[in-house]
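> If you scroll down you'll find the structure; I have some questions about it.
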Amino acid sequence: MPAGSLGINASRLNDNLDALGDDWHHDEGCTAWWRSRALRHPRRVRNYVIELMQSAGLSVRIDAAGNIIGRIEGTDPSLPAIVLGSHTDTVPAGGRYDGALGVIAAIEVVQAIKDSGRTSRHPVEVVVFTNEEGTGFHRWLLGSRAVAGLWEPEDFSAVGDDGVALASRLPDLGGNISRIDEARRRPDELACYLELHIEQGPTLHRGGFPIGVVTGITGRSVYHIDIVGEANHAGTTPMSLRRDAMSAAAQVALAVRHIAGEMEVCRVGTVGSMEVHPNAANVIPGRVVLGCEFRDERMESLAAAEVELRRTAEEVAHAEQVAITVTAQRNTPSVPISSNMQQLIADATGLAGLEHISLPSGAGHDAQAIATVTPSAMVFVPSVGGISHAPAEYTTPEDCANGAQVLLNAMALADER
Ligand SMILES: [Zn+2]
């Protein structure tokens, strides 16, 4: 099966992608694509994907995490599987390409091989991972972390926004929380993992590049910042005697922007949430709680950003006569993609006659969990206007087809190597 000799069917790919998007749209009866609210994943959607898998010759099973796994054997039974995959759930009111493109393209790759009458040496698996976005349970990468054996105690005890426990919901998808260990895969079962995804950022679209080779998946550190001052009368307390938690919070928020912005300590920094107590216009705020995060591909940069955040918090606390507690909440390590795996995607892009640039992924993906088990790589295609996690998310049919072709070429190259 010489790499570069096979072609995907672009119209079939885009028709299947459209059918998936339309189905959800109507099924959920809302104005955007909102799939898998707390795992209430429309059965019709799962069935549609399973039917596509079966017609591509994949035999389908559901693992204990509810992941849908299609597999086709290769000519050499001694070889481990090449895995292609992504997810079909979305954030609330999300778009129709995030995750869905990777799944439909993976099935198209297998269908294209079947149409050619050829067979790969390795077995090929297509995996639809359960609840990548974490919507409903606030536990993301549920399916891929189960495959990687990375479930945490909070996953087992998770309760959805609708009050239903994950343990009770998983059987609806064919999963079983008490047997979650059975979803775990051994490194020797897998040859590599390849995922096509929309960029979800502006770099490719703005630069006019059809393909992005992902260099690594961003790490993320999250902080809870609790600022305690003194609530008092907004009319009678002189400015010089105030211990205003809001003034301090504003300075911390600007500092976070400064750390990632002008100082370039890390790639991005955000204060995304704020609770104000007592939250009345005529009361000096006595307490403000901020939710803050930093992201970068290098863990050293995240560590440096934390040092700077704590230093600034101390300064502001002193100047404003408030107490500031910075608590590290979650640290998601960055996942580098090996130069070999990056080269595989670059070569696959060249075989398709396309240009690429290399770029890091600012968003999290199933690949970051799977990369802990097997060599993994990601292909990005442009998101028009850099918009994602919104109904306006759009990738042109041509770009979708380019991405699927690169995925097919990469799979064929991996099969040779
Ligand atoms: Zn995604």
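> Go ahead and collect, in residue order, the members of the range 305-346 whose backbone nitrogen is under 20 Å from a label point 7 Å along the Cα-Cβ direction of Ser5.
Label zone hits: none.
> Take every Cα pair under 8 Å in the range 332-407 that's 6+ residues apart, average their separations, divide by the length, and report that relative contact order as a whole percent.
Working: 52 pairs, mean separation 27.3, N = 76.
Contact order relative to length: 36 percent.
> Give me the one-decimal nm value for the distance between modelled label points at Lys114 and Asp172, 7 Å along each residue's Cα-to-Cβ direction.
Taking the simple label geometry, Lys114 and Asp172 are separated by 2.9 nm.
> Skipping prolines and chain starts, which residues have an amide H placed within reach, meaning under 5 Å, of the one on Phe129, given they are 5 or more residues away or on another chain?
For Phe129, whose amide H was placed from the backbone, the distant partners under 5 Å are Ser86, His87, Thr88.
> Ignoring ligands, DNA and RNA, what accessible area per residue does the chain give at 1.4 Å, in Å²? Before the final figure, lay out each step's value.
On the way: 17150 Å² over 417 residues.
On a per-residue basis, 41 Å².
> Moving to a separate point now. Before rounding to the nearest 500, sum -39500 (n - 2.57) across all DSSP H runs of length at least 4 in the chain and divide by the residue total; then give [θ] at 222 nm in deg cm²/dmol.
On the way: 12 runs with 144 residues, N = 417.
Mean residue ellipticity, 222 nm, calculated: -10500 deg cm²/dmol.
> Turning to a different aspect of this structure: Output wanted: per-residue J couplings in Hz (rounded whole) for the range 46-54, from phi through Karplus 6.51 cos²θ - 1.76 cosθ + 1.60, θ = phi - 60°, x for Gly and Pro.
Computed from phi, the couplings for the range 46-54 are 4, 5, 4, 5, 4, 4, 4, 4, 5 Hz.
> Going by a ≥ b ≥ c, the root eigenvalues of the Cα gyration tensor, does the range 219-332 fall in the rounded group (a/c under 1.5), the prolate group (a/b larger than b/c) or the oblate group? Please report the intermediate quantities before stating the final value.
Numbers: a/c = 2.70, a/b = 2.21, b/c = 1.22.
Here the range 219-332 falls in the prolate category.
> If the elastic network links every pair of Cα atoms under 10 Å, which of Ile198, Ile104, Ile69 fluctuates the most in the Gaussian network model of the chain?
Ile69
> Any idea which of Ala346, Met378, Asn67 is furthest toward the positive side of the dipole for the chain, if Lys and Arg beta-carbons carry +1 and Asp and Glu beta-carbons -1?
Asn67
> Hey, another quick one. Between Ala191 and residues 5 or more places away or on another chain, which pairs have amide H atoms under 5 Å apart, with H built 1.01 Å from N, and which residues are they?
Ala81, Ile82, Val83
> Can you give the extra length, in nm with one decimal, that the chain gains between Leu241 and His138 once fully stretched, where that is 0.36 nm per residue apart less the Cα-Cα distance? Before the final figure, lay out each step's value.
Working: separation 103, 0.36 × 103 = 37.08 nm, distance 4.14 nm.
In short, 32.9 nm is gained.
> Give me, ordered by chain and number, the residues 5 or more places off Gly95 or on other chains with an amide H under 5 Å from its own placed amide H.
Amide H to amide H, under 5 Å and 5 or more residues apart or across chains, Gly95 pairs with His389, Ala390.
> Measure off 7 Å from each Cα along the Cα-to-Cβ vector at Ala280 and Asn47, then give the distance between these two points in nanometres to one decimal.
Result: 5.6 nm between the two label points.
> Quick one: Karplus J couplings for the range 375-387, per residue in order, coefficients 6.51, -1.76, 1.60, θ = phi - 60°, nearest Hz, x for Gly and Pro?
Those phi angles translate into x, 10, 9, 10, 10, 10, 10, x, 9, 4, x, x, 8 Hz.
> Report the rotationally averaged projected area of the chain based on its alpha-carbon convex hull, in square nanometres. Show your work: numbers first, answer last.
Numbers: hull surface 84.5 nm².
Mean orientational projected area (the chain, Cα hull): 21.1 nm².
> Here's another thing I want to ask about it. In percent, how large is the relative contact order of the range 219-332, given Cα pairs closer than 8 Å and 6 or more residues apart? Walk me through the numbers before you get to the answer.
On the way: 246 pairs, mean separation 50.0, N = 114.
This gives 44 percent for the range 219-332.
> Within the accessible area of the range 219-332, what % is carbon and sulfur when the probe is 1.4 Å and the other protein chains stay in place? List each step's numbers first, then the result.
Numbers: 3180 of 6090 Å².
The C+S portion of the solvent-accessible surface of the range 219-332 is 52 percent.
> Under the 0.36 nm per residue contour assumption, what length would be gained going from the current alpha-carbon distance of Glu182 and Ser157 to full extension?
Working: separation 25, 0.36 × 25 = 9.00 nm, distance 1.82 nm.
That works out to 7.2 nm of additional length.
> Once you place label points 7 Å from the Cα toward the Cβ at Glu314 and Val60, how far apart are they in nm?
It works out to 5.8 nm between the two label points.
> Could you tell me which of Val159, Ala148, Val222 has its Cα farthest along the dipole of the chain towards the positive end, charges placed at Cβ (Lys, Arg +1; Asp, Glu -1), taken about the Cα centre?
Highest projection toward the positive end goes to Val159.
> At a 10 angstrom cut-off on C-beta neighbours, averaged per residue, how do the peptides 81-88, 301-308, 188-195 rank from highest to lowest? Could you put the intermediate results ahead of the total?
Details: 81-88: 26.5, 301-308: 19.4, 188-195: 22.4.
Going from most to least packed, we get 81-88, 188-195, 301-308.
> So, one more: Which order do the peptides 240-247, 161-168 take when ranked by the mean count of other beta-carbon atoms within 10 Å per residue, highest first?
Details: 240-247: 18.1, 161-168: 13.9.
Going by the mean number of other Cβ atoms within 10 Å, highest first, we get 240-247, 161-168.
> Relative contact order, percent, of the chain when contacts are C-alpha pairs under 8 Å separated by at least 6 residues? Working shown, then result.
Details: 991 pairs, mean separation 97.2, N = 417.
RCO, the chain: 23 percent.
> OK, next. Would you mind classifying the range 131-255 by shape? Square roots of the alpha carbon gyration tensor eigenvalues, ordered a ≥ b ≥ c; an a/c under 1.5 is rounded, otherwise it is prolate if a/b is larger than b/c and oblate if not. Present the calculation step by step, with values, prior to reporting the outcome.
On the way: a/c = 3.19, a/b = 1.61, b/c = 1.98.
Oblate, because a/c is 1.5 or more while a/b does not exceed b/c.
> Still on this structure: Let me know the charge dipole size of the chain about its Cα centre in debye, to the nearest 20, where only the beta-carbon of Lys, Arg (+1) and Asp, Glu (-1) is charged. Provide the component values of the computation, followed by the final result.
Working: 33 positive and 52 negative charges, 76 e Å.
I would put it at about 360 debye.
> About its Cα centre, how strong a charge dipole does the range 219-332 have in debye, to the nearest 20, once Lys and Arg get +1 and Asp and Glu get -1 at the Cβ? Present the calculation step by step, with values, prior to reporting the outcome.
Details: 11 positive and 15 negative charges, 40 e Å.
About 200 debye.
The values are calculated or read from the model by the stated rules, or taken from the named source; none is laboratory data. The shown structure was predicted, so the numbers you read here are calculated from the model rather than taken from an experiment. Don't worry about glycine lacking a Cβ; one is built from the backbone with ideal geometry, like all the others, and counts go over all protein chains shown. These accessible areas exclude ligands, DNA and RNA; they are computed on the full protein's heavy atoms, side chains included. Shrake-Rupley method; radii C 1.70, N 1.55, O 1.52, S 1.80 Å.
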